[in-house]
Amino acid sequence: EDGVVAPATEGTWTRINDDYLLMPEFEGYTVEQYIIESIVHPEAYIVPPFQGVMPNIYSTQLTPQQLADIVAYLDSQDQLLDE
């Protein structure tokens with residue numbers, strides 16, 4: 001759909017925790033686990049109205065430290081919302 005973009009980075013942590021992790025298929029998941037799996041396997045969790053457009057290449061291009069850095073960055077963006 002033209003004009004549809006991904007949500008802002010701010011609030012990602014909260015959206016995952018308050019919306020996605022309430023779905024039965026994610027019972028027991030942590031926000032960190034959801035983020036990392038979404039990056040490594042981008043077609044696994046497509047949230048409407050978005051479509052699967054992310055390349056499935058990050059599992060071979062990102063180190064565990066880089067994934068941890070992404071998780072920390074997303075967490076920090078939500079902390080900014082609290083200030």
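Report the calculated FRET efficiency for residue 33 and residue 61 (r = Cβ-Cβ distance, R0 = 22 Å), to the nearest 0.05.
On the way: r = 20 Å, r/R0 = 0.90.
After rounding, the FRET efficiency stands at 0.65.
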- Query: Among 27-38, 62-73, how do they line up from the highest to the lowest mean number of other beta-carbon atoms within 10 Å?
  - Reply: 27-38, 62-73
- Item | J(HN,Hα) series, the stretch 42-59, from Karplus relation 6.51 cos²θ - 1.76 cosθ + 1.60, nearest Hz, glycine and proline x | x, 8, 6, 10, 9, 8, x, x, 6, 10, x, 10, 7, x, 9, 10, 6, 5
- Task: Mind running the shape call on the stretch 31-83? Use the C-alpha gyration tensor, a ≥ b ≥ c as the square roots of the eigenvalues: rounded below 1.5 for a/c, prolate if a/b tops b/c, oblate otherwise.
- Result: oblate
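Between residue 72 and residue 15, what FRET efficiency follows from the Cβ-Cβ distance if R0 is 25 Å, with the result rounded to 0.05? Mind showing how you got there, number by number?
Values: r = 17 Å, r/R0 = 0.68.
Taking R0 as 25 Å, the efficiency between residue 72 and residue 15 is 0.90.
Each value in this text was obtained by applying a stated rule to the coordinates, not by laboratory testing. Keep in mind the model is a prediction, meaning the values are calculated, not measured. We place every Cβ from the backbone using ideal geometry, glycine too, and count neighbours over all the protein chains shown.
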